[in-house]
1. Does V75 satisfy being among the hydrophobic types (A, V, I, L, M, F, W, C), under 23 Å from S52 (Cα atoms) and not in a strand (DSSP E or B)?
2. Would the stretch 105-122 turn up any residue that is within 15 Å of E42 (Cα to Cα), in contact with a strand residue (DSSP E or B) (Cβ under 6 Å, 6 or more places away or on another chain) and open to solvent by 50 Å² or more (accessible area, probe 1.4 Å)?
3. Here's a check for you: in the stretch 39-84, which residue that is among the hydroxyl-bearing types (S, T, Y) and in contact (Cβ under 8 Å) with a residue 24 or more places away in the chain is nearest to F109 (Cα to Cα)?
4. Condition first: more than 22 Å from V48 (Cβ to Cβ) and touching a Ser or Thr at 6+ places or on another chain (Cβ under 6 Å). Now tell me which residues in the stretch 100-122 satisfy that.
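The values are calculated or read from the model by the stated rules, or taken from the named source; none is laboratory data. Values in this document were obtained by computation on a predicted structure and should not be read as measured data. When we count neighbours, we look across all protein chains shown, and the Cβ atoms used for this are built from the backbone with ideal geometry, even at glycine. We work out accessible area using only protein heavy atoms, side chains counted, and drop any ligands, DNA or RNA first. Shrake-Rupley method; radii C 1.70, N 1.55, O 1.52, S 1.80 Å.
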Amino acid sequence: MIGRVLIVFALVAALAGCGGSGSGSGSGGGGTTSSALVAKVEDADAKVDGNSVVGTVAVTEGGHPGQRLALRYGVVDAVSGTRASQDEKLVARYTTASTVAKKDVTIKFPKPDTPTDYLLHFVLYGPDGSYLASSDSPVFTVH
């Protein structure tokens, strides 16, 4: 009988710890708090600056703590639609927190040798390498 009572108390305690707080969002410390993963990439831009290309993008991430995300970019030939860069380049790695944060990211690299129209393609990947979000810059011209 005492064993059954202890089991019931243990189950009640376990269930009480499993929920009840919900997953609503609120503000605090520069972002919102949520239990769902937030992963956005937006407002990509690119400009030729002398012998370089300067790209910018806004990244919003967080919500589900402990997720490792990777932001990468590639250069795309806007005329043919094919990738002009050999591989996507790593820009940043993020480990998410419960607080959602927005960051502006800037990259700079040598302008491509071939004169044509290009765009930058920014991609945010999840912990398993899966696609989460992306944003393309407007077309820019290299002379």
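1. Details: among the hydrophobic types (A, V, I, L, M, F, W, C): yes; under 23 Å from S52 (Cα atoms): yes; not in a strand (DSSP E or B): no.
No, not satisfied.
2. yes
3. So, considering only residues that are among the hydroxyl-bearing types (S, T, Y) and in contact (Cβ under 8 Å) with a residue 24 or more places away in the chain, the one nearest to F109 (Cα to Cα) is S52.
4. Once the filter is applied, which keeps residues that are more than 22 Å from V48 (Cβ to Cβ) and touching a Ser or Thr at 6+ places or on another chain (Cβ under 6 Å), the stretch 100-122 yields V100, K102.
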